[in-house]
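Colleague: First the structure, then my questions, so here it is.
The values are calculated or read from the model by the stated rules, or taken from the named source; none is laboratory data. Because the structure is predicted, anything quoted here is derived from the model rather than measured. No Cβ is skipped: glycine too gets one built from the backbone with ideal geometry, and neighbour counts run over all protein chains shown.
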Amino acid sequence: MDTLIRGGTVVTAAGQRRADLRLVGERIAEIGAGLAANGGERVVDAGGLLLLPGGVDGHTHLDMPIAPDCATSDDFYTGHRAAAFGGTTTHVDFANQQRGQSLRETLTAWQRRAAGKAVIDYGFHLTIVDPTEAVMAEMAELPRWGVSSIKLFLAYKARGMMLDNEQFFRLCRRAAELGLLPLVHAETGEIVDLLEREAIAVGRVEPRWHATVHPALAEAEATQRAIALARMAGSALYVVHVTCRGALAAIAAAKAEGAVLYGESCPQYLFFTEDDLARPEFEGAKFVCSPPLRSEADQAVLWQALANGTLDAFSTDHAPFRFHDQKARGRERFDMIPNGVPAIEHRLTLLWHFGVNQQRFSPERFVALTATNPARLLGLAPRKGALQPGADGDVLLWDPNATWAISAATHEMAVDYDLWEGVAGRGKPHAVWRRGALLLEGGQWFGEAGRGRYLQRKTATQNGNG
């Protein structure tokens with residue numbers, strides 16, 4: 001049913017205004033004052049509420065296997081439902097190549113994981129770990145398949161995922177030729193692996209040692225190196241899950257010199273520290289992710305970077321593993337703890353309450369970080385991330401005064417704990433539309449599995465930015 005949302009305040013990355021918004025079919029048809037209702041549409045009173053673009057999460061891991069008997073606990077239905085309850089209507093996940101696998105085989109395998117389950121719209125970054133000459137040639141097909149970005153690792157050598165400097169450079173150069181955006185996980189992989197082996201050899205096996213063997217300097221070094229290699233290759237670069245002052249300094253310095261460079265951070269790095277890894281009774285395992293949690297000083301600088309533009313996007317790196325059986329795989333050794341935390345449901349509400357309500361930044365900056373910037377950088381604009389005629393009807397009716405409290409007993413994610421247990425705040429979605437279809441309203445769910453759509457993302461060249 002077509003919908004007229006009347007009397008709200010439309011918030012975009014550029015400003016705010018009182019206006020009505022009409023959804024016709026899957027698109028936004030009109031935005032303006034005093035729009036007249038026509039007979040067949042539903043009219044929604046948005047008085048006192050805000051209209052925001054549906055959130056775009058550029059970094060998630062749904063139904064991701066890490067072993068034959070262990071995968072992230074949210075699939076493309078439960079994860080999408082949780083995302084929608086939190087106000088996210090689009091996300092970009094990762095199709096992770098295995099050694100010996102073609103890129104086509106990789107993408108097809110991950111598209112099958114989403115088939116029949118998706119509720120919100122989605123795309124895939126293509127993770128490349130085996131850059132053979134055949135794979136380098138096959139990269140030319142990625143734009144045709146709707147893939148505009150690749151993921152590259154400078155970590156996890158022992159897992160067969162890390163690229164050496166030459167491979168990283170060549171992949172960035174090839175990406176530049178094709179208008180693709182490389183994403184990098186930046187840690188000094190050889191050193192992290194060495195420190196991990198040494199810690200375990202002397203009996204340092206508890207979760208708290210995870211942060212010690214992933215030092216902030218390793219992230220800072222690899223971030224600076226990745227930036228330099230990408231610049232030599234003539235490539236843009238997107239640095240994922242930035243956690244520390246050293247990495248931020250490298251990003252800020254390169255941006256000041258004109259580098260085409262972007263960065264993101266995630267909720268866990270704003271709210272928790274390495275001290276949480278030392279919680280008793282193995283509770284610290286809940287907080288194991290890579291890169292690890294850092295210090296309060298790093299948190300303060302991350303907040304500043306989100307506000308001042310050093311960082312461009314706010315994602316989740318959502319990778320949930322159940323505590324009682326999946327995280328428990330590492331009770332004897334921290335390196336066996338599945339890395340990742342659940343966050344997809346809380347991204348917008350946490351950032352609104354602790355960012356906007358606490359006057360760290362404006363509602364407009366919130367929209368830029370959570371929707372407009374990720375849509376633009378990841379080839380989804382102008383259809384996603386903005387409220388404008390012709391864009392997809394991904395709309396949040398946001399109640400800035402509605403209160404919430406987080407609990408594993410009530411969250412929608414398919415995981416048995418919540419890092420933010422007991423945290424309370426103000427501001428959440430009252431209603432969510434995805435491409436004009438109502439997904440939820442007043443806490444009631446209307447979404448259906450299989451209605452989410454794979455997105456053909458545009459490369460920088462296709463967007464006219466090459």
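Colleague: Just give me the residues in the range 138-160 being surrounded by 22 or more Cβ atoms within 10 Å (Cβ to Cβ) and among the hydrophobic types (A, V, I, L, M, F, W, C), in sequence order. Outline the logic, then answer.
Modeller: Initially, the range 138-160 is screened for residues surrounded by 22 or more Cβ atoms within 10 Å (Cβ to Cβ), giving 142, 147-155.
The answer is LEU142, VAL147, ILE150, LEU152, PHE153, LEU154, ALA155.
Colleague: Can you give me the number of residues within the range 343-387 that are out of contact with any Pro (no Cβ under 9 Å at 6 or more places or on another chain) and basic (Lys, Arg)?
Modeller: 3
Colleague: Could you check the range 82-102 and list, in sequence order, the residues that are assigned to a helix (DSSP H, G or I) and either in contact with a Pro (Cβ under 9 Å, 6 or more places away or on another chain) or surrounded by fewer than 24 Cβ atoms within 10 Å (Cβ to Cβ) (or both)?
Modeller: ALA82, ALA84, PHE85, listed by residue number.
Colleague: Pick from the range 238-253 the residues that are surrounded by 21 or more Cβ atoms within 10 Å (Cβ to Cβ) and among the hydrophobic types (A, V, I, L, M, F, W, C): which of them is nearest to THR212 (Cα to Cα)?
Modeller: CYS244
Colleague: I've got another one for you. Could you check GLY385 against (1) touching an Asp or Glu at 6+ places or on another chain (Cβ under 6 Å); (2) not in a helix (DSSP H, G or I); (3) not acidic (Asp, Glu) and say which number it fails?
Modeller: Of (1) touching an Asp or Glu at 6+ places or on another chain (Cβ under 6 Å); (2) not in a helix (DSSP H, G or I); (3) not acidic (Asp, Glu), only one is false for GLY385: (1).
Colleague: Okay, moving on. Tell me whether the range 186-206 contains one or more residues that are within 20 Å of ALA254 (Cβ to Cβ), crowded, with 17+ Cβ neighbours inside 10 Å and under 21 Å from the mean Cα position of the chain (by Cα). Quick ask: steps written out before the conclusion?
Modeller: Of the range 186-206, the ones within 20 Å of ALA254 (Cβ to Cβ) are 186-188.
This time we only want the ones that are crowded, with 17+ Cβ neighbours inside 10 Å, so: 186-188.
Restricting the remaining residues to those that are under 21 Å from the mean Cα position of the chain (by Cα) gives 186-187.
Yes: the range 186-206 contains one or more residues that are within 20 Å of ALA254 (Cβ to Cβ), crowded, with 17+ Cβ neighbours inside 10 Å and under 21 Å from the mean Cα position of the chain (by Cα).
Colleague: Scan the range 22-45 for residues that are buried (at least 21 other Cβ atoms within 10 Å of the Cβ) and within 14 Å of LEU438 (Cβ to Cβ) and jot them down.
Modeller: Residues of the range 22-45 buried (at least 21 other Cβ atoms within 10 Å of the Cβ): 22-23, 28, 44.
Within the range 22-45, LEU23, VAL44 meet the criteria.
Colleague: Further question: Of the conditions (1) under 22 Å from GLN304 (Cβ atoms); (2) buried (at least 24 other Cβ atoms within 10 Å of the Cβ); (3) more than 20 Å from the chain's Cα centre (by Cα), GLU257 fails just one. Which one is it?
Modeller: For GLU257, the failing item is (2).
Colleague: Give the residue, chosen from PHE323, PHE361, that is surrounded by fewer than 23 Cβ atoms within 10 Å (Cβ to Cβ) and over 21 Å from THR60 (Cα atoms).
Modeller: On the way: PHE323 fails: over 21 Å from THR60 (Cα atoms).
Just one listed residue meets the conditions, PHE361.
Colleague: Can I ask one more? Go over the candidates ASP275, ASP312, ASP317 one by one and state the one that is on the phi > 0 side of the Ramachandran plot and not hydroxyl-bearing (Ser, Thr, Tyr).
Modeller: One residue alone meets the criteria, ASP317.
Colleague: Can you tell me which residue in the range 1-42 is farthest from the chain's Cα centre (by Cα), limited to those that are without any contact (Cβ under 8 Å) to a residue 40 or more places away in the chain and assigned to a strand (DSSP E or B)?
Modeller: GLY32
Colleague: Another question about this same structure. Every residue in the range 102-120 that is under 25 Å from ALA82 (Cα atoms) and out of contact with any strand residue (DSSP E or B) (no Cβ under 8 Å at 6 or more places or on another chain), please.
Modeller: THR108, ARG112, ARG113, ALA115, GLY116, LYS117
Colleague: Something else now. Would you mind stating whether ARG383 is under 28 Å from SER148 (Cβ atoms), among the basic types (Lys, Arg) and touching a strand residue (DSSP E or B) at 6+ places or on another chain (Cβ under 8 Å)?
Modeller: yes
Colleague: Of all residues being crowded, with 24+ Cβ neighbours inside 10 Å and of a type outside the set (A, V, I, L, M) in the range 373-382, which is farthest from ALA84 (Cα to Cα)? Just the residue, please.
Modeller: Step by step, filter the range 373-382, then rank; the result is GLY379.
Colleague: Testing ALA391 on (1) touching a Lys or Arg at 6+ places or on another chain (Cβ under 7 Å); (2) surrounded by fewer than 19 Cβ atoms within 10 Å (Cβ to Cβ), one condition comes back false. Which one is that?
Modeller: Only one criterion in (1) touching a Lys or Arg at 6+ places or on another chain (Cβ under 7 Å); (2) surrounded by fewer than 19 Cβ atoms within 10 Å (Cβ to Cβ) is unmet by ALA391, namely (2).
Colleague: Among the residues in the range 51-63, are any surrounded by fewer than 16 Cβ atoms within 10 Å (Cβ to Cβ) and either touching a strand residue (DSSP E or B) at 6+ places or on another chain (Cβ under 9 Å) or not in a loop (DSSP other than H, G, I, E, B) (or both)?
Modeller: no
Colleague: Of the residues VAL129, VAL135, which single one is farther than 28 Å from ASP74 by Cα, of a type in the set (Val, Ile, Thr) and surrounded by fewer than 22 Cβ atoms within 10 Å (Cβ to Cβ)?
Modeller: The match here is VAL135.
Colleague: Scanning for something at pLDDT 95 or above, in a strand (DSSP E or B), over 14 Å from GLY87 (Cα atoms) and β-branched (Val, Ile, Thr), does the range 405-416 turn up at least one residue?
Modeller: No, because not a single residue in the range 405-416 is at pLDDT 95 or above, in a strand (DSSP E or B), over 14 Å from GLY87 (Cα atoms) and β-branched (Val, Ile, Thr).
Colleague: How about the range 199-253: which of its residues are of a type in the set (Ser, Thr, Tyr) and touching a residue at least 40 places away in the same chain (Cβ under 8 Å)?
Modeller: First, pick out the residues of the range 199-253 that are of a type in the set (Ser, Thr, Tyr): 212, 223, 235, 238, 243.
Within the range 199-253, SER235, TYR238, THR243 meet the criteria.
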